[in-house]
Amino acid sequence: MTDTTFQRARKPAERTLRRSAILAAAAELFDADGIQGAGINAIAARAGFTKSNIYRYFESREEVLLSLLLEDFEAFTQELEASAPKLQGEPVAALAHLTTQTLLATPRMGRLLGLLATVLEENVSEATVASLKTSIGQKLHRLGAVIQAALPGSTPQDSAWAAGMIGAVITGTAPSMHPNPTVRRVLERPEFAAMRPVPDQHLERPIRAILQSIVPATNA
């Protein structure tokens, strides 16, 4: 067990390091075994803390995973902000493809979003939920700005709506892009071929449709 178990962090930099160690441990466990493998005891053991030490930094296992979600969402947002201005070709198709590929490169975000309403918001305080919603709202606002800049003729209102709708598509669909091993083996059977997740059909196509819907006909 590491020294972090026995030394309380007193400086902001030390607290940041402790939180980062906890989040790194949770990320490893969640990536390997999903929500079942990322229990608070497992996170504490992987990070080199006791369970009580974890609660100095997070109110619950769910808050740990929400923090992971926000980190991944921030990385996703930053990538779109950096890459969207460089897109070439038909803007709707290009932006839909970029959004899909960026999401597929951040699989944990999609999996966590799929757990947001049913698991991750169930064991946290009102203050934590409010902070979460504020942060997600800010990121969606930034994504709306990306959309408006990329699509000629789109309005701020329509772009904000599109960002929210794309978020809903991701929340509902992205988890199925990364099924657990048992589900993956079943889907490999010929009789279930039609149920296999296909990114360009189940993610990129609806994202493209949403984006196309906010482009004025003269620019379509």
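Since every read-out is calculated from the coordinates, none of them should be taken as a lab result. Predicted, not measured: the structure shown is a model, and the values here were computed from it. A quick note on method: Cβ atoms are made from the backbone with ideal geometry, for glycine too, and the neighbour counts reach across all protein chains shown.
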- Message: Within 10 Å of each candidate Cβ there may be at most 16 other Cβ atoms; applying that plus a DSSP loop requirement, which GluC sites (Glu not before Pro) in the stretch 91-166 survive?
- Response: Glu121, Glu122
- Full-extension gain in nm, Ser83 to Glu121, via 0.36 nm per residue minus C-alpha separation: 10.5 nm
- Message: Taking a cut-off of 33 Å, what percent of all Cα-Cα pairs in the chain are separated by more than that?
- Response: 26 percent
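For the chain, what is the mean residue ellipticity at 222 nm derived from helices alone (per DSSP H run of n ≥ 4: -39500 (n - 2.57); sum divided by total residues; nearest 500 deg cm²/dmol)?
Value at 222 nm, helices only: -21000 deg cm²/dmol.
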- Rounded Å value of the spacing that divides the Cα centres of the stretch 58-87 and the stretch 117-158: 11 Å
- Query: What does the charge dipole of the chain about its Cα centre add up to, to the nearest 20 debye, if the Cβ of each Lys and Arg holds +1 and the Cβ of each Asp and Glu holds -1?
  - Reply: 480 debye
- Could you tell me how many degrees, from 0 to 90 and to the nearest 10, lie between the Cα long axis of helix 126-150 and the main elongation axis, the longest principal axis, of the Cα atoms of the chain? 30 degrees
